[in-house]
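The values are calculated or read from the model by the stated rules, or taken from the named source; none is laboratory data. Predicted model only: the values in this text are computed from it and were never measured. Cβ sites come from the backbone with ideal geometry, for glycine too, and all protein chains shown count toward neighbours. Side chains are part of the model used for accessible areas, which takes the heavy atoms of the whole protein and leaves out ligands, DNA and RNA. Shrake-Rupley method; radii C 1.70, N 1.55, O 1.52, S 1.80 Å.
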Amino acid sequence: GLGQAAMYAGLQELGVANGEDLKETLTNCTEPLKAIEQFQTENGVLLPSLQSALPFLDLHGTPRLEFHQSVFDELREKLLERVSAIALEGKVEERYKKLEDLLEKSFSLVKMPSIQPVVMCVMKHLPKVPEKKLKLVMADKDLYKACAVEVKRQIWQDNQALFGDEVSPLLKQYILEKENILFSNDISVLHNFFSPSPKTRRQGEVVQKLTQMIGKNVKLYDMVLQFLRTLFLRTRNVHYCTLRAELLMSLHDLEISEICTVDPCHKFTWCLDACIREKFVDNKRARELQGFLDGVKKGQEQVLGDLSMILCDPFAINTLALSTIRHLQDLVGQDTLPRESPDLLLLLRMLSLGQGAWDMIDSQVFKEPKMEAELITKFLPMLMSFVVDDHTFNVDQKLPSEEKGPIPYPSAIPEAFTKFLQENRIACEIGLYYILHITKQRNKNAFLRLLPALVETFSDLAFSDIFLHLLTGNLTLLGDEFALEEFCTSLFDGFFLTACSRKENVHRHVLRLLLHLHHKVAPAKLESLQKALEPTKQSGEAVKELYNQLTEKLELRKPSPAEVTETPSMELPLPTVPTPASR
């Protein structure tokens, strides 16, 4: 049948008899048994010592096919070993000449399942498989699939579209994995999106697969970077920037100098990677990073596009922003102004570069964004004044109160603060990180004071997934405050619910938070939240799923009416005492 024909494809070209020849011989002969015997002699294993051994095997009922198969497997193993050995011995030209000859002889048998591994092995060891053979492999789905990655690289480097088809599902998977972490049902301040170390992240499946596909091939590496740039431009999704850095550092881990030495961002990324690992930019590394930025020469400004993409990686922004907040606190203690701190100015410079990545790559105008003087002279000192307010309040609390009564916490926000968060991207990013910082310190007063400024922020940054992921994690530290109506009203009505209906992701984050903290929330508030958060017809699957999970949890909490009436109380009733009107 057809299957048989395919199995022995190419034998005739080599002058080896196959099933068709035997069929022909038997159709045209007078003595079939004699003909078979002759065919066996002519096409059997030509070893004199075997002539007497074969009848012995026949006596034991071992079919000839089984015998030939085992001899064949043995020979194939030997041949595979030999091919791998040839690829390593002798002069370079000679060994490749041998392999090319072998490929010429064996390629016609590439469709024979039993021989295919040998042909594939020969191609794998050839640094340049002849163009004609590559075209044949490419044209045949099964052959292409069976190819070693070494051969596929040779195909891909001249077929960007085909390579794109291979890479595209991996990039989709990568983005999906990132989003799953941001929306994960586990909310914790200890384990969040930024917890895994850079080394751990680079072990991820997608980064490893891409690294394997690229090998040492600079052309393929450049193609992947081009895909990432294009997708970043098309979607503004910053996770592509993370992958850009992870891929370079994964090749760095494997010491693939062929690529690392030609990527102008290598040393900068390597230094920044160490800062991300420590979640802090120390002075020594700050100097090093500054050296790279100052060292961009005339005519090479295009490298700024790449550096900006590396700095736009959320893990980089996170590190720069955390370092900025730490610097500001130190400056308060040292009585120094932000404009007098070169380290702080460098952090801002890198934040601007990262935040300006999309515009730079989009406009193809490669120069560092201008820093607004007001950010340094007005906004940062304002943040420092908030730190001072906290110190003052805490000291006041400890002082023996005279007749004046307790000093209230300052509740007004300077109008300029709100305006900065709306109009200046860098100010907004740093402001949000300051709010995360005070939440992590369980500083409820400062949190409630600044929260109203988050309703309208620069390009809605306060409703971005990364910020909400971190905020929900930090809010678990203020869990006990959720019992207070006032706190819940500020947080939910004043902030979350203002965006829920127009932003599906915010709806999801609020439901995540409630799934985690529902048992802490004041019952009356919980009921009104349950109504407010009910999915609409437009809501996506994720929201409906989360809402159902929440409803189930709340159902389990409600005591059934029977229990309420029948359970006899074991405790003695307490005498009722009129409570002072505290609210």
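Charge dipole of the stretch 413-551 (Cα centre as origin; +1 on each Lys and Arg Cβ, -1 on each Asp and Glu Cβ, all else neutral): 160 debye, rounded to the nearest 20. Using θ = phi - 60° in the Karplus curve 6.51 cos²θ - 1.76 cosθ + 1.60, the 3J(HN,Hα) couplings for the stretch 387-401 round to 4, 5, 3, 5, 4, 4, 4, 5, 5, 4, 4, 7, 6, x, 7 Hz; x is entered for Gly and Pro. In a reduced charge model with +1 at each Lys and Arg Cβ and -1 at each Asp and Glu Cβ, the stretch 168-220 shows a dipole moment near 400 debye about its Cα centre. Surface composition of the stretch 413-551: carbon and sulfur make up 49 percent of the accessible area, probe 1.4 Å. Simple spin-label estimate for residue 335 and residue 93 gives 7.9 nm between the two label positions (7 Å along the Cα-to-Cβ direction from each Cα). Across the stretch 443-454, computed HN-Hα scalar couplings (Karplus, 6.51 cos²θ - 1.76 cosθ + 1.60, θ = phi - 60°) run 8, 4, 4, 5, 4, 5, 5, 8, 3, x, 6, 8 Hz from first to last residue, x flagging Gly and Pro. With the charge dipole of the stretch 399-532 set up from +1 on Lys and Arg Cβ and -1 on Asp and Glu Cβ about the Cα centre, the Cα lying farthest toward the positive end among the listed residues 530, 447, 407 is that of 530. Here the extension length gained between residue 30 and residue 552 equals 179.5 nm, from 0.36 nm per residue of separation less the Cα-Cα distance. Between residue 531 and residue 85, full extension at 0.36 nm per residue minus the direct alpha carbon distance yields a gain of 153.3 nm. The 3J(HN,Hα) values that the Karplus relation (6.51, -1.76, 1.60; θ = phi - 60°) gives for the stretch 498-508 are, in residue order, 5, 10, 3, 6, 9, 10, 4, 5, 5, 3, 5 Hz. Gly and Pro appear as x.
Placing unit charges on the Cβ atoms only, positive for Lys and Arg and negative for Asp and Glu, gives the stretch 160-373 a dipole magnitude near 180 debye about its Cα centre.
Centre-to-centre, using Cα atoms only, the stretch 242-274 and the stretch 495-521 are separated by 39 Å. Taking label positions 7 Å along the Cα-Cβ direction at both residue 267 and residue 359, the computed distance is 3.0 nm, reported to one decimal. Let's test this: bin the Cα-Cα distances of the stretch 160-373 at 10 Å from zero up to the farthest pair and state each bin's percent. Whole-percent P(r) values from 0 Å outward: 8, 33, 37, 18, 4, 0, 0. In the stretch 374-533, the alpha-carbon atoms span a convex hull of 117 Å³ per residue. In the stretch 160-373, with Lys and Arg counted as +1 and Asp and Glu as -1 at Cβ, which of these residues, 371, 344, 257, has the Cα nearest the positive end of the dipole, that is, farthest along it? Positive-end residue among those listed: 257.
Express the Stokes-Einstein translational diffusion coefficient of the stretch 365-410 in µm² s⁻¹, to the nearest whole number, given a Kirkwood radius over alpha-carbon pairs, 25 °C and a viscosity of 0.890 mPa s.
181
A 1.4 Å probe run over the stretch 338-469, with the rest of the protein chains in place, finds 48 Å² accessible per residue. The calculated FRET efficiency for the pair residue 181 and residue 142, based on their C-beta separation and a Förster distance of 30 Å, comes to about 0.20.
Rounded to whole Å and ordered largest first, report the semi-axes of the equivalent ellipsoid of the stretch 400-442 derived from its Cα gyration tensor (root of 5λ). The partial results should precede the final answer.
On the way: eigenvalues 179, 44, 5 Å².
Taking √(5λ) for each Cα gyration eigenvalue gives 30, 15, 5 Å.
Solvent-accessible area of the stretch 224-367 (1.4 angstrom probe, protein heavy atoms only): carbon and sulfur portion equals 51 percent. Note down the net charge around residue 125, summing +1 for each Lys or Arg and -1 for each Asp or Glu among other residues with Cβ under 14 Å from its Cβ. Summing Lys/Arg as +1 and Asp/Glu as -1 gives +2. All C-alpha pair distances within the stretch 199-318, sorted into 10 Å bins from zero, spread as 13, 46, 36, 5 percent across the bins.
How much length, in nm to one decimal, is gained on full extension between residue 159 and residue 407, taken as 0.36 nm per residue of separation minus their Cα-Cα distance?
Fully extending the segment from residue 159 to residue 407 adds 82.1 nm.
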